[in-house]
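Some notes on the structure that comes next.
The values are calculated or read from the model by the stated rules, or taken from the named source; none is laboratory data. Since we're looking at a predicted model, the values are computed, not measured. When we count neighbours, we look across all protein chains shown, and the Cβ atoms used for this are built from the backbone with ideal geometry, even at glycine. We work out accessible area using only protein heavy atoms, side chains counted, and drop any ligands, DNA or RNA first. Shrake-Rupley method; radii C 1.70, N 1.55, O 1.52, S 1.80 Å.
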Amino acid sequence: MHFWQSLTGRLFKLVFGWYLALAISVTAVQLILEYVSINRMIASELRSLGQSFGQSMADALWALDRPLLKSMVQGIAQSTIVTGVSVEADRYDIGMAMGQVPPLDDFGGLGIFSRYQYSMTPLEAITPKGTESLGRLAIYSDRRVVLNRIKDSFTIIIINSMIMIVGLWVTFYLVISKSLSRPLNRLTEIISLLEF
């Protein structure tokens, strides 16, 4: 009798099919959770960069110090998670941009799956009249940064899932063929020998 038509083969197809669907679903959930985790970590790092450079940028903008402003923008742009930096001034024409600075309507996608994420830090100076807004520091990160960071994690998760699937397949095959199939085949042979 052909294996897939035997009781063993039919049991194997039934149980392994369900397990395979479950394993693929669990792997997909793991990959999405890893993507979300890395995405949030990069958003947090962008905010930290903005807070670290915010006051120095505001001081350079207040002093109209273009070389200092440019060197700070270059310093931020060298971070591995940053794909673009822009400084917008409210008054003076000393704003600048470096790298990929997307237009505000080109964020492509929703929420964690958008093409870019960014951190906007207000640049303010404390004057005798109070706090004065000077402009904004925007730091951008492309989705490719997230994908590059999780490439290794994706590979490990997929290899782990494949090993588990193959291991269970072999175990299930051996259990069905040795423990279940042989006694049932023996019983079938005995019944076929009986003459009523």
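Would you work out which of 78, 121, 36 lies farthest towards the positive end of the dipole of the range 23-122? Charges go on Cβ: Lys and Arg +1, Asp and Glu -1. Ranked along the dipole, the leading option is 36.
Sequentially through the range 21-31, phi angles give Karplus couplings (6.51, -1.76, 1.60; θ = phi - 60°) of 4, 5, 5, 5, 5, 5, 4, 4, 5, 4, 5 Hz, Gly and Pro residues having no value and appearing as x. For the chain, the solvent-accessible area works out to 65 Å² per residue, with a probe of 1.4 Å and every protein chain left in place. Under unit Cβ charges (Lys, Arg +1; Asp, Glu -1), what dipole magnitude, rounded to 20 debye, does the chain have relative to its Cα centre? The calculated dipole for the chain is roughly 780 debye.
If you run the Gaussian network model on the chain, springs between alpha carbon atoms under 10 Å, then out of 56, 86, 119 the most flexible one is 56. Between 185, 39, 160, which gets the highest mean-square fluctuation from a Gaussian network model of the chain, Cα cutoff 10 Å? Among 185, 39, 160, the largest mean-square fluctuation in the Gaussian network model of the chain belongs to 185.
Rg then Dmax, both in Å and based on the Cα atoms of the chain: 30.4, 110. Among 164, 120, 98, whose mean-square fluctuation peaks in a Gaussian network model of the chain (Cα, cutoff 10 Å)? Of 164, 120, 98, the Gaussian network model singles out 164 as fluctuating most.
At an R0 of 25 angstrom, the distance between the Cβ atoms of residue 10 and residue 32 translates into a FRET efficiency of 0.15.
Compared with the direct C-alpha span, the chain from residue 158 to residue 185 gains 6.0 nm at full extension, assuming 0.36 nm per residue.
By how many nm would the segment from residue 173 to residue 44 grow when fully extended, if each residue of separation counts as 0.36 nm and the alpha-carbon distance is taken off? All intermediate terms of the calculation are to be shown ahead of the outcome.
Values: separation 129, 0.36 × 129 = 46.44 nm, distance 4.75 nm.
So the chain would gain 41.7 nm between residue 173 and residue 44.
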